[in-house]
Amino acid sequence: MARVVVVTSGKGGVGKTTSCASIGTALAMQGYRTVLIDFDVGLRNLDLVMGCERRVVYDLINVTTGEAKLSQALIKDKRLDGLYMLPASQTRDKDALTYEGVGEVIDALKEEFDFIICDSPAGIERGAILAMYYADEAIVVSNPEVSSVRDSDRIIGLLDSKTRRAEEGETVKAQLLITRYDPERVEHSDMMSMQDIEEILAIPVVGVIPESPAVLRASNQGIPVVHDTPSDAGQAYSDTVARFLGEEKPMRFVELERKGLFSRMFGGRR
């Protein structure tokens with residue numbers, strides 16, 4: 001049965017769209033038919049991160065209003081079989097999306113895909129609620145800083161109250177993804193630790209993505225960073241998806257690496 005997963009955050013700029021792209025890509029790498037839906041109407045960026053912005057003809061709103069067929073709006077990834085994305089509109093208003101229209105699209109996608117990954121806009125307004133409404137599971141993305149964690153706590157509350165599962169007396173399984181993590185800053189008490197965030201939000205950590213220049217480099221190239229397998233961020237996203245699928249994986253990149261003399265002189269993270 002298809003799994004509907006929302007990638008969400010309370011605060012903007014935490015790496016949610018980057019994470020959505022890499023999570024979906026890693027699932028496709030594992031052989032799962034995966035579709036990414038961009039719900040950020042008016043401010044779409046998922047097509048840029050996926051490197052398919054020039055191939056957008058129709059979007060999610062075109063499909064929900066009957067202006068285009070779902071098959072016309074889906075964009076197939078050029079790198080991986082079984083990976084598709086459904087872009088958001090850049091020119092329409094968020095109010096053009098309806099619960100009924102979104103539900104029909106997701107029901108149709110369930111017939112074709114193993115995973116439906118919904119890239120939510122930040123915040124708690126209509127677009128974010130629509131993105132999470134039909135979700136079975138959620139990946140809550142947070143930076144290790146107080147305001148981001150507080151906003152994530154609000155999102156977890158909405159997952160417990162504003163989704164279809166909540167209306168039916170069930171729960172959306174939520175897991176935490178921490179991005180832009182820097183163990184050195186944690187050690188110097190300049191950044192919240194993974195343990196602190198997990199304790200505050202009371203949901204399990206599915207992954208920790210280190211602060212890495214590979215993320216910006218990949219985004220500017222329109223390539224999900226999980227494709228950059230030698231990089232620390234690419235490896236961290238691969239580990240995250242392995243845990244999401246139920247594998248036991250040690251949590252890397254959360255402890256300060258004690259480098260020897262030659263590493264300090266000649267080494268460095270990618």
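The values are calculated or read from the model by the stated rules, or taken from the named source; none is laboratory data. If you're wondering where the values come from, they're calculated on a predicted model, not measured in any experiment. All Cβ positions, glycine included, derive from the backbone under ideal geometry; neighbour counts span all protein chains shown. SASA here: full protein model, heavy atoms, side chains in, ligands and nucleic acids out. Shrake-Rupley method; radii C 1.70, N 1.55, O 1.52, S 1.80 Å.
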| field | Unmet criterion (only one of (1) crowded, with 19+ Cβ neighbours inside 10 Å; (2) outside any helix (DSSP H, G or I); (3) touching a Pro at 6+ places or on another chain (Cβ under 9 Å)) for Gly12 | value | (1)
| task | Return the total of residues in the stretch 18-56 being in a loop (DSSP other than H, G, I, E, B), among the charged types (D, E, K, R) and modelled with pLDDT of 95 or more. | result | 1
| message | Just to verify a result, which residue in the stretch 43-54, among those that are open to solvent by 30 Å² or more (accessible area, probe 1.4 Å) and touching a Pro at 6+ places or on another chain (Cβ under 9 Å), is nearest to Thr17 (Cα to Cα)? | response | Arg44
| note | Only one of Glu112, Glu184 is assigned to a loop (DSSP other than H, G, I, E, B) and surrounded by fewer than 20 Cβ atoms within 10 Å (Cβ to Cβ), namely Glu112
| Within the set of pairs 6+ apart or on separate chains, which have a first residue in the stretch 145-159 that is on the phi > 0 side of the Ramachandran plot, a second that is surrounded by fewer than 16 Cβ atoms within 10 Å (Cβ to Cβ) and of a type in the set (D, E, K, R), and C-beta atoms under 6 Å apart? | none
| Residues of the stretch 74-83 satisfying the condition of being free of Cβ contacts under 8 Å to residues at least 40 places away in the same chain and either open to solvent by less than 20 Å² (accessible area, probe 1.4 Å) or part of a loop (DSSP other than H, G, I, E, B) (or both) | Leu74, Ile75, Lys78
| message | I need the full set of residues from the stretch 159-181 which are surrounded by fewer than 18 Cβ atoms within 10 Å (Cβ to Cβ) and either outside any loop (DSSP other than H, G, I, E, B) or over 20 Å from the mean Cα position of the chain (by Cα) (or both), in order please. | response | Ser161, Arg164, Ala166, Glu167, Glu168, Gly169, Glu170, Lys173, Gln175
| All positions within the stretch 57-70 that are hydroxyl-bearing (Ser, Thr, Tyr), assigned to a loop (DSSP other than H, G, I, E, B) and buried (at least 16 other Cβ atoms within 10 Å of the Cβ) | Tyr58
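Rundown of residues vs (1) outside any loop (DSSP other than H, G, I, E, B); (2) open to solvent by 60 Å² or more (accessible area, probe 1.4 Å); (3) closer than 17 Å to Ser22 by Cα; (4) free of Cβ contacts under 8 Å to residues at least 40 places away in the same chain, yes/no style:
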residue	(1), (2), (3), (4)
Gln72	yes, yes, no, yes
Met85	yes, no, yes, no
Ser89	no, no, no, no
Glu100	yes, yes, no, yes
Ala122	no, no, no, no
Ala128	yes, no, no, no
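Conditions tested, residue by residue: (1) at pLDDT below 95; (2) among the acidic types (Asp, Glu).
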{"residue": "Pro121", "(1), (2)": "yes, no"}
{"residue": "Ala138", "(1), (2)": "no, no"}
{"residue": "Pro144", "(1), (2)": "no, no"}
{"residue": "Val149", "(1), (2)": "no, no"}
{"residue": "Ala166", "(1), (2)": "no, no"}
{"residue": "Glu170", "(1), (2)": "no, yes"}
| Assuming Ser189 fulfils every condition listed in (1) outside any loop (DSSP other than H, G, I, E, B); (2) modelled with pLDDT under 95 apart from one, which condition is it? | (1)
| query | From Thr34, Thr18, which residue is of a type outside the set (Gly, Ala, Ser), under 25 Å from Ala242 (Cα atoms) and open to solvent by less than 20 Å² (accessible area, probe 1.4 Å)? | reply | Thr34
| Going by the structure shown, is Ser161 at pLDDT below 95 and over 20 Å from Ser22 (Cβ atoms)? | no
| Filtering the stretch 235-257 down to residues that are under 14 Å from the mean Cα position of the chain (by Cα) and in contact (Cβ under 8 Å) with a residue 60 or more places away in the chain, which residue is most open to solvent (accessible area, probe 1.4 Å)? | Ser238
| request: Determine which single condition Glu248 fails, assuming it passes every other condition in (1) assigned to a strand (DSSP E or B); (2) farther than 19 Å from Val141 by Cα. | output: (1)
| task | Would you be able to say whether some residue in the stretch 204-211 is part of a helix (DSSP H, G or I), of a type outside the set (Gly, Ala, Ser) and open to solvent by 30 Å² or more (accessible area, probe 1.4 Å)? | result | no
